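One structure is given here, and the rest of the page talks about it.
The values are calculated or read from the model by the stated rules, or taken from the named source; none is laboratory data. Remember, predicted model here, so these are calculated numbers, not experimental data. Note: ideal-geometry Cβ built from the backbone for every residue, glycine included; neighbour counts use all protein chains shown.
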Amino acid sequence: MYVNIVLCLLLFGYTNGQRSYENYKVYKVLPTTDKHVQMLTDLQKEYDFWSEVVSIGSDIRVLVSPEKDEEFIKYTAGVGLNATVGISNVQDLINAQMQPTVGRSTSLGSFNWEQYHSLATIHAWLDELQTMYPGIVTTVNVGSSYEGRQIKGVIIDFKSGQRGDNPLIGMIEGGIHAREWISPATVTWIIKEFLTSTDPDVRFMAETFVWHIIPVINPDGYSYTFDGDRMWRKNRNPNHYTNCSSNNDLSNGIDLNRNFNYLWMTVGASLNPCDQTFAGASAASEPEAQAIQNYVLSLKRAGNLIYYIAFHSYSQMVLIPYSHLSGQNVLQVPNYAELYEIAIRGAEKLTATHGTAYQVGTSADILYEVSGSSFDWVKGVAEVPIVYLFELRDVGEYGFLLPTAQIVPNNEEVMAYFVEMDKNTRRLGYYSGSSAVYASVSLIVTIAFLMLSN
Ligand SMILES: [Zn+2]
C-alpha cells in the first residue's frame, strides 16, 4: 500500500501533498455518430470525463494531462471528432478558486460567500450558529464517514416546542460529490437566508418548517479536494484498491450517489473501482449513505417530511425523480406532474433573477440514466413528496471550477426557486398532507401535456 501511494505521488505530480493540474486541459468534444460515442466510451477508462455518460449530441468535457495531450488529439482527430480547448490550464482555475472574490461583502458570523470554505471552516460555522441563535439552531451529527469525520448539519426550528406531534419538515443535502464545491456554498447560503432574510416569503418558509440541513454529506471526499486532489468526486473508502490504467488512487472511493439502496446497480453505475461512478460492493455499503438513509427514515417518523433537495454541479438543471425513467414512463412517479409544474415555475423565477437558463426534467430525459442516487432513494423508499436534485452552474465553461464571483449570484437565483417552490407546494395542498387528491388531477394534466408535446 505504502509503495503504491509513493508511486502514485511520483507519477501524478503531487506537490505539498496536493495533486498538480499544471498544464492539464479540459477539451470539449461533441459526438455526432455512434462510432464517436463508442470511441469516447472506451476513452472513459483512461481519462477523467466531466460528463458521466456519452451520447450523440451531448457536450462532453474531458480532462487531459500534458503527457497525454498529443495522443488525445491524434486519437479524436483519427475518428473525425473535433476536440476544442475549453480550459487551457486547469491549475490556473484551481488557484483562482482559492482567491476570494472582490465585490459585495456577504457574511454571517465569521463566514462569507466570497470564497469556498474547507470542511473545518464550515463545521466551525455551524457550531457558531448554534451559539448565535440559541433555541433556534441546533447542530446535529447524522453519522460518521469512512475516515471517521462527522456528517454534520444544523436543525433550524423557529417554533421549537410549539409544533405538536406532526411538524412540517424539510431536508437539504449538499456535498455528496466532493469536487462540486458550489454545492456546500449554496446550502450554507440557504441556512443564512433562513436565519437572516427579511423577505416575508423566505421568513414564512424558514419558520413553517423544521429544517434539517447538511452542507457536506461526503466529508472525507470534500476534505480530500482541499488537501489531496481537487478533482476528487467519491468518498475515501480504500477497500477496493486496484490497478487503474489512468491513476490507481481513483479506486480509493465509492460514488455515494450510486450507492443508495433503490434500484442499486441497475443503470448508469459501475462495479469497477476505477470508475468515477463505482457504486460499491453492495447497496448502501457506505457509512455515509447509511447515515443519510437512517436519518431520513427517522425524520419520517418525527413528522410530515415534505421536502428533500440535493445539490450538485454542473449543468444548470432541476432533476425530478426517478433517474431511470424517461418519456411517458415518468408517470410511474405518482405526483410527477406536480413536481414538474413546481419545478418549471421555480425555474422561471430562477432565470428571472440573473438570466441563467435551467432545464427541468428527469435525469434520463435531460441528462443520463442513473441508479442508486440519494434523491431517488428518498422518493422511492422514504416516499417523500417533493424531491429534487439541482445541477447548479455552469454548463461547462468552468465546470466544477466555478469562479468565486459566481457563488452569490448562483445562490440568489436558487433562493428565488425555493420561494416559488414553497408557494406552489403549499397551493397544491402538500402542507396538509392532502396531496393524493391533487396527484390524480395532476396525472390527467400530465397526460394532456404529453399528448400536446408529442
Ligand atoms: Zn454530483
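Worth pointing out:
- Out of 138, 101, one residue alone is surrounded by 13 or more Cβ atoms within 10 Å (Cβ to Cβ), at pLDDT below 95 and farther than 30 Å from residue 30 by Cβ. It is 101.
- When residues in region 247-304 are screened for being closer than 18 Å to residue 378 by Cβ, outside any helix (DSSP H, G or I), assigned by TED's automatic domain parsing to the domain that holds residue 383 and of a type in the set (D, E, K, R), 1 of them pass.
- Per the listing 183, 110, the residue uniquely modelled with pLDDT of 95 or more, within 16 Å of the ligand (Cβ to nearest atom), on the phi < 0 side of the Ramachandran plot and small (Gly, Ala, Ser) is 183.
- Of all residues in region 135-183 being in contact with a helix residue (DSSP H, G or I) (Cβ under 6 Å, 6 or more places away or on another chain) and among the basic types (Lys, Arg), the one that is nearest to residue 212 (Cα to Cα): 152
- Matching residues, region 362-397, being outside any helix (DSSP H, G or I), of a type outside the set (A, V, I, L, M) and touching a Phe, Trp or Tyr at 6+ places or on another chain (Cβ under 8 Å): 362, 371, 372, 373, 385, 388, 390, 391, 393, 394, 396
- Residues located in region 331-343, provided they are of a type in the set (Val, Ile, Thr) and not in a loop (DSSP other than H, G, I, E, B): 342
- Residue in region 186-195 that is within 16 Å of the ligand (Cβ to nearest atom) and either of a type outside the set (Lys, Arg) or buried (at least 24 other Cβ atoms within 10 Å of the Cβ) (or both) present: yes
- Qualifying positions in region 313-330 - away from the ligand (no atom under 16 Å from the Cβ) and either part of a loop (DSSP other than H, G, I, E, B) or more than 19 Å from residue 267 (Cα to Cα) (or both): 322, 324, 325, 326
- Residue in region 365-377 that is at pLDDT 95 or above and out of contact with any helix residue (DSSP H, G or I) (no Cβ under 8 Å at 6 or more places or on another chain) present: yes
- Subset tally (residues that are within 16 Å of the ligand (Cβ to nearest atom) and either more than 16 Å from residue 183 (Cβ to Cβ) or not in a loop (DSSP other than H, G, I, E, B) (or both)) for region 398-419: 2
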